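Here the structure is laid out as structure tokens; the discussion comes afterwards.
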Amino acid sequence: MSSTKIRSAEWVALRISLLTFGGTVLMLPLFSVVRRVFDGTWSVPWRMMLTVSGILAGLIFAFLFLAQVFEFSAKTYRERNARLVFPAAMWLRGLYLVSIVMGLGLMAGTYSEGDPWGIVALPVLFVFLGFFAWPRAIEITEIAVRQRRVLFGFKEVRLGEIESVVCDPSRNETIVFGKNGNRIVHTAMHVDRERFIASLKSITGKESYVTGDFVEAREME
């Protein structure tokens, strides 16, 4: 991996972590005013707040930096091996994985403490959030564009049955419509949007429409 990409990952992670820490610093006067109104004192636990914010900023930096590094490595691997696979962004996969692990960990912890089953089962919401919200990877094979379903199997549009490819700039989505009624949506949460569009055009020869152009084309048919 080039040093330029490393520096880019560092800058993105540093910028967001500094915004997190700076936000806490800017909130200190507001907390002071709130305490003055309700408690009659200007003092706030600023040392604790800055410590917690600093730790949080450090964790955010480490998470985003590693996510960017893994993203660059995965992209290089896909391009080197000519793999037309378009998964969710690495930071999003990491976030949903943390949600799943946290849910399972909380369930195990509450169970070991002997809490009621209602409390034990409550963290399953984190597991469901991570599992069901995770954008499934899209793959272009020799015969079809396909995407794994949430539970079982694949949803696919065969290359010879692609009716149209539509780009929606307002939502940063690219939608593949099939004659069989299926559609594959490359969302803003998926990677390599430009490569996805270029690959479809190269393989199928179909041009992609912008949303408004697509509506006009359908009306002319």
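The C-alpha atoms of the chain define a longest principal axis, and helix 46-80 lies at about 20 degrees to it. Tell me, how many Å apart are the Cα centres for segment 80-102 and for segment 128-154? Their Cα centres are 12 Å away from one another. For segment 84-134, the orientation-averaged shadow of the C-alpha convex hull comes to 3.6 nm² (one quarter of the hull surface). Among the GluC sites (Glu not before Pro) in segment 29-124, those placed in a DSSP loop whose Cβ has at most 12 other Cβ atoms within 10 Å are 113. Packing around the peptides 143-150, 42-49, taken as the average count of other Cβ atoms within 10 Å per residue, puts them in this order, highest first: 143-150, 42-49. So, R0 is 30 Å and r is the distance between the beta-carbons of residue 129 and residue 79; what FRET efficiency does that work out to, to 0.05? Once rounded, the FRET efficiency stands at 0.40.
Compactness of the chain was expressed as the Cα radius of gyration divided by 2.2 N^0.38 Å, which yields 1.36. Angle check, please: helix 211-220 long axis (alpha carbons) against the longest principal axis of the chain (alpha carbons), in degrees 0 to 90, nearest 10. Helix 211-220 and the main axis of the chain meet at about 30 degrees. A helix-only calculation puts the chain at -20500 deg cm²/dmol for mean residue ellipticity at 222 nm, using -39500 (n - 2.57) for each DSSP H run of at least four residues, averaged over all residues.
Computed from backbone phi with θ = phi - 60° and the Karplus coefficients 6.51, -1.76 and 1.60, the 3J(HN,Hα) list for segment 180-196 is 7, x, 6, 9, 10, 10, 8, 8, 5, 8, 8, 9, 6, 4, 5, 5, 4 Hz; x is used for glycine and proline.
Among the chymotrypsin sites (Phe, Trp or Tyr not before Pro) found in segment 93-158, those both in a DSSP coil and sparsely packed, with 16 or fewer other Cβ atoms within 10 Å of their Cβ, are 152. Placing unit charges on the Cβ atoms only, positive for Lys and Arg and negative for Asp and Glu, gives segment 1-81 a dipole magnitude near 140 debye about its Cα centre. Relative to the compact-globule estimate of 2.2 N^0.38 Å, the Cα radius of gyration of segment 1-81 comes out at 1.60. Computed about its Cα centre, the charge dipole of the chain is approximately 480 debye, with only Lys, Arg, Asp and Glu carrying charge at their Cβ.
When both bridge partners sit in the chain, DSSP labels roughly 90% of those beta bridges antiparallel.
Values in this text are rule-based calculations from the coordinates and carry no lab data. As the structure is a prediction and not an experimental result, all values here were calculated from the model. Glycine also receives a Cβ, built like all others from the backbone with ideal geometry; neighbour counts cover every protein chain displayed.
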